Amino acid sequence: MSDDPFLASKGPRRGQILFALAFAGFAIFILSNLGNQTTWAPRTKLFAQPGFWPGVAGAGMVLFGLLHLRGLRRGKGLRGPWISREDRAEARIWLQPLEYTAWFMVYVFAVPRIGHLPATMIFAPALTWRLGYRSPRILWASVAFGVAVVLIFKGVLGVKIPGGAIYDYLPDGIRAFALRYL
Amino acid sequence: MDLIFAGLEVLYRWDVALALLVGSIGGVMIGAVPGVGPAVAIAILLPATFSMDPIVGLTLLLGIYGSSMYGGAIPAILINTPGTAVNALTTYDGYPMTLRGEGRKAISIAYTASFVGAIISIICLISLAPVLAKVAPMFGAREIFLAALLGLVLVVVSHRGQAAIAAALACLGIFIGTIGLEPVKYTKRYTFDQSWLASGVDLIVVVLGLYAISQAFTLMQGDDVKTKRVPLGGGMFQGLREVARHPRVTGVSSGFGVMMGIIPGVGEFTSQFLAYTYAQKTSKRPDDFGQGSVEGLIASESANNSVPAAAMVPLLALGIPGEELTAMMLAVFYVHNVVPGPGLFQNQMDFVMAIYLALLFLNILVMVFLLFSTNALMLVARLPNRFLGVGILTLSFVGIYSLRNSATDCLMAAVFGLFGFILKRLSLPIVPIIMGIVLGGIMEAKLRIAMARVKTPFDFIDRPIAMALFLFIILIIAFQIRGAVIQARRRKEAQWSTRPASTRFGMLLSRRKDFLLTERGKRLRAERSMLSRPSTDKD
């Protein structure tokens, strides 16, 4: 065997410290807000207190988050700067999907306004185009995929996605159909 | 026997049969697409089953759960890309077989080994059902709490080399599960006075964010992978003969799968590890492992496919999921008003048997389907990555938005998607978060009930099952700590044996100063010893 399939991959080094620092910071923030964000119930045992489990979770996050951070620093031999150039480059990659998040949220806000079918028929090919596909075959495939998703989920399986506000302007006969199936 | 007939009666409906067919074939197709996976598919389809009869909805999702690993073997063997995470080991022996022109034979072996593993597992479960029905009621609140804790501890320690961050992420999962209104006192927890946080964070939103949306981001951010087309040699029925030639490896690997599946938090990876190691150590040709060994392929596939049925044991008997897929299945059960746990075994044994039989039938359906449709499934496996990302994002919207028609849920899922993307980039585990959410909720409820009846701490473990679980947890933690201490000692030894002297100017000066001080000390001591030389004169 060329290499051992069971040796757990610890992952790349770049970005690990940055993540561990952010996680530890978040954990400390959560634990420090325990008093503000939970209520102490009088005449109630500690285990039944509303804040008991968030407290356990917060303390665990802090303890294990700091242990992980310490492990990473020891792995580096406690030398070198905390955040390297590679870490900063990795952080920039983490921000790249924000663009797709924006695409997704525009789609989310478009559905109740222009309807599930029109929104999906625009969203799927537009994002496909944005990702660099130019072949008419794949663009038409994305349109077909969008139509299939709406017809199967909303039309056949009847999932609860409201009809678009724009459907109110449709003629009476078509409006009910569009609200229910498209 | 009566139980089996009662189970068959529950399943004897055209809509259940259709759900089983659609679920099992859909599961294979989903498994065959690298990057989708059954957890994503179940999460997307779950809201679509809300309006269905419980047994129909459950059978549909059970079909996906039980059949996806079959499909996952196809790209693992033919294009060296596992369809689902648990098929990763299949690439080790499957792909080399494809490269030497035995692709069809490798696929056939994988199907047959998977089928045999699943059937052995289901037969074990059906035989064990009466025993489980007797044992399950012995689990009270404290035993279920300890079993859930054991599951969480096992999930953490199974991430070798990443136990600290796995534990931290499990705690994050527990924390996420506590956000919103507390169910007993109805007080707000960590809502920061935001009304949209009062109803908490839905498990489906987290799963779709961490698995589906993060996967969509990963696929869209990367490049399309070009796969080589290799001619497929061998016959589709050769696998039957090969598996029949290795009954020991198949049987033992399936046994490992059943055992590891039953223990919460262990699952496919450990069963594969044990099965593969066993097969290699007992093989007459251990050097072939990793280079297209038939025994290796049989071990990995029969071990992983015997887990799903076995993992239903803690889920159905105790209501404790063992890994993320059973955690998803727990959500599926709750949505359909079926509450897994001792009560289910006591009062609805026919329903439990129906689930086991559904698993049995879906394996037969899948096997027949696969023997004749592998070539068509290869087209699904070759979908361009980034286009697949668009598809997953579109489907994720359906899954999230149809829950409560909430744009906030979609935003939360997108945030979890970003978080999942970062975790995937860093190769950090996602499973502990899901397990933390599910098991944390169970632990909170059960601890509250258990502590109400406990006067001293020892009362908590004064029953045999509770004591056994407690000792098991202590033992695992002790082993983990011992392992960490040994590892730290070895690392330190390695560091000291290879550490070169520092070349920094400050360190050079420091060493020079130490040297001069030592020399000066020696000289002064020598001078003083000369001045106060003890007298040798005798009185």
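For the reader, a short list of remarks on this structure follows.
- In summary, B:GLY101 fulfils each of the numbered conditions (1) in a helix (DSSP H, G or I); (2) over 15 Å from B:ALA32 (Cα atoms) with the single exception of condition (1).
- Residue list for region B:33-55, restricted to those being surrounded by fewer than 22 Cβ atoms within 10 Å (Cβ to Cβ), touching a residue at least 12 places away in the same chain (Cβ under 8 Å) and within 13 Å of another protein chain (Cβ to nearest Cβ): B:PHE50, B:MET52
- Residue count for region A:89-109, restricted to those that are among the acidic types (Asp, Glu) and more than 8 Å from chain B (Cβ to nearest Cβ): 1
- All conditions but one from (1) farther than 26 Å from B:GLY290 by Cα; (2) part of a helix (DSSP H, G or I) apply to B:VAL116; the one that does not is (1).
- Test: residue in region B:485-493 that is at pLDDT 85 or above and closer than 30 Å to A:GLY71 by Cα: yes
- Filter pass, B:LYS284 being modelled with pLDDT of 85 or more and outside any helix (DSSP H, G or I): yes
- Residue count for region B:155-203 under the criterion of being outside any helix (DSSP H, G or I), within 16 Å of the chain's Cα centre (by Cα) and crowded, with 20+ Cβ neighbours inside 10 Å: the result is 3.
- For B:ARG160, the requirement of being within 11 Å of another protein chain (Cβ to nearest Cβ) and basic (Lys, Arg) is met.
- Filtering region B:402-426 to residues that are modelled with pLDDT of 90 or more and hydroxyl-bearing (Ser, Thr, Tyr) leaves B:SER406, B:THR408.
- Selection status of B:ILE123, closer than 30 Å to A:GLN96 by Cβ and modelled with pLDDT under 90: no
- Look at region B:128-145: where a residue is among the aliphatic types (A, V, I, L, M) and a partner is open to solvent by less than 30 Å² (accessible area, probe 1.4 Å) and modelled with pLDDT under 80, sitting 6+ places away or on another chain with Cβ atoms under 9 Å, you get B:ALA129/B:PHE345; B:LEU132/B:PHE345; B:ALA133/B:PHE345; B:VAL135/B:PHE345; B:ALA136/B:PHE345.
- Residue match in region A:43-66 (condition: touching a residue at least 40 places away in the same chain (Cβ under 8 Å) and out of contact with any strand residue (DSSP E or B) (no Cβ under 8 Å at 6 or more places or on another chain)): yes
- Among the conditions (1) of a type in the set (S, T, N, Q); (2) touching a helix residue (DSSP H, G or I) at 6+ places or on another chain (Cβ under 7 Å); (3) more than 14 Å from chain A (Cβ to nearest Cβ); (4) farther than 30 Å from B:VAL258 by Cα, B:ASN375 misses just one, which is (2).
- Taking region B:283-304 as the range and being small (Gly, Ala, Ser), over 19 Å from B:ARG104 (Cα atoms) and crowded, with 24+ Cβ neighbours inside 10 Å as the test, only B:ALA303 passes.
- B:ALA381 meets the conditions (1) at pLDDT 85 or above; (2) open to solvent by less than 20 Å² (accessible area, probe 1.4 Å) in every case but one. The failed one is (1).
- Qualifying residue in region B:527-538 (condition: open to solvent by less than 80 Å² (accessible area, probe 1.4 Å), in a helix (DSSP H, G or I) and either of a type outside the set (Gly, Ala, Ser) or modelled with pLDDT of 75 or more (or both)): no
Table: residues versus (1) free of Cβ contacts under 8 Å to residues at least 40 places away in the same chain; (2) more than 10 Å from every other protein chain (Cβ to nearest Cβ).
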| residue | (1), (2) |
| --- | --- |
| B:PRO264 | no, yes |
| B:ALA275 | yes, yes |
| B:TYR278 | yes, yes |
| B:LYS284 | yes, yes |
| B:ASP287 | yes, no |
| B:GLY290 | no, no |
| B:VAL294 | no, yes |
| B:GLU301 | no, yes |
| B:PRO308 | no, yes |
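- Flag for B:LEU58 being in a helix (DSSP H, G or I), away from every other protein chain (no Cβ under 14 Å) and in contact with a His (Cβ under 7 Å, 6 or more places away or on another chain): yes
- Verdict on A:GLY132 being touching a Leu at 6+ places or on another chain (Cβ under 6 Å) and farther than 25 Å from B:ILE42 by Cβ: no
- For region B:305-326, filtering for residues that are open to solvent by 10 Å² or more (accessible area, probe 1.4 Å) and not in a helix (DSSP H, G or I) leaves 1.
- Every condition in (1) hydrophobic (A, V, I, L, M, F, W, C); (2) within 11 Å of chain A (Cβ to nearest Cβ); (3) open to solvent by less than 30 Å² (accessible area, probe 1.4 Å) holds for B:LEU439 except the one numbered (2).
- Verdict on B:ARG425 being touching a Gly at 6+ places or on another chain (Cβ under 9 Å), open to solvent by 70 Å² or more (accessible area, probe 1.4 Å) and over 19 Å from A:GLY60 (Cα atoms): no
- The set of residues from region A:110-140 being at the interface with chain B (Cβ under 8 Å from one of its Cβ atoms), surrounded by 14 or more Cβ atoms within 10 Å (Cβ to Cβ) and either free of Cβ contacts under 8 Å to residues at least 12 places away in the same chain or among the aliphatic types (A, V, I, L, M) (or both) comprises A:VAL111, A:ALA124, A:LEU127, A:LEU131, A:TYR133, A:ILE138.
- Just one of (1) closer than 24 Å to B:ILE434 by Cα; (2) outside any helix (DSSP H, G or I); (3) open to solvent by 30 Å² or more (accessible area, probe 1.4 Å) fails for B:ILE30. It is (2).
- Among the candidates B:PHE372, B:PHE397, residue that is open to solvent by 10 Å² or more (accessible area, probe 1.4 Å) and of a type in the set (Phe, Trp, Tyr): B:PHE372
- Test result for B:PHE351, crowded, with 21+ Cβ neighbours inside 10 Å, assigned to a helix (DSSP H, G or I) and among the hydrophobic types (A, V, I, L, M, F, W, C): no
- When residues in region A:152-182 are screened for being more than 12 Å from every other protein chain (Cβ to nearest Cβ) and closer than 14 Å to A:ALA119 by Cβ, 6 of them pass.
The values are calculated or read from the model by the stated rules, or taken from the named source; none is laboratory data. Note that the coordinates shown come from a computational prediction; the quantities given were computed from them, not determined experimentally. In this analysis, Cβ positions are derived from the backbone assuming ideal geometry, glycine residues included, and neighbour counts consider all displayed protein chains. Surface accessibility is based on the protein's heavy atoms, side chains included, excluding ligands, DNA and RNA. Shrake-Rupley method; radii C 1.70, N 1.55, O 1.52, S 1.80 Å.
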